[in-house]
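Participant: Take a look at this one; I'll ask things after.
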Amino acid sequence: MKEIKLSAPIMAHNENIHVLEMREPTFDEVENLGFPFTINSEGGFKIDSGAAFKYIPLLAGIPRSSAQKIPLRDLFKISMSIMGFFTASETATDSADDVTTSLTSGE
């Protein structure tokens, strides 16, 4: 679970929400929505905002209409947080030393 403080509250479920609690996506959700980023030939990441924005109401447990009210300056921060579920980040429970296959090899 990741908590993201909003720069301005939004209304969701008849409450003012100041912090979004984002849960990790499930396999089925990733299968349906895809990865919220692409990787270029040099290994750089590019956020897929279309996919990332679809994850927001799902992972935060808020209606899409509430997600549409999130301040624009918070959307990038939230998108990066979602991307962190898929990449090495401070929330990762496994050590990079435990990886036996290159993350970019596809094998």
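Every read-out reported here was derived from the displayed coordinates using simple, explicitly stated rules and does not represent laboratory data. Everything numeric in this text was worked out from a predicted model, so none of it was measured.
Participant: Counting only Cα atoms, I'd like the Rg/Rh figure for the stretch 2-89, Kirkwood definition for Rh.
Facilitator: Working: Rg = 13.1 Å, Rh = 13.4 Å.
My calculation puts Rg/Rh at 0.97.
Participant: State the extension gain, in nm to one decimal, for the chain segment bounded by Phe76 and Glu21, taking 0.36 nm per residue of separation less the distance between their alpha-carbons. Present the calculation step by step, with values, prior to reporting the outcome.
Facilitator: Details: separation 55, 0.36 × 55 = 19.80 nm, distance 1.57 nm.
Full extension of this stretch gives 18.2 nm more.
Participant: Going by amide H atoms built from the backbone, whose H comes under 5 Å of the H on Met22, apart from near neighbours?
Facilitator: Lys2, Glu3, Ile4
Participant: Also, I was wondering about something else. Taking θ as phi - 60°, what are the ³J(HN,Hα) couplings along the stretch 29-42 by the Karplus curve (6.51, -1.76, 1.60), each to the nearest whole Hz, with x for Gly and Pro?
Facilitator: For the stretch 29-42, the Karplus-derived couplings read 5, 5, 4, 6, 9, x, 6, x, 7, 10, 10, 7, 5, 8 Hz, x marking Gly and Pro.
Participant: Hey, can you grab everything whose amide H is under 5 Å from the amide H of Ala12? Only 5+ residues off in sequence or another chain; H modelled, so Pro and N-termini drop out.
Facilitator: Ile17
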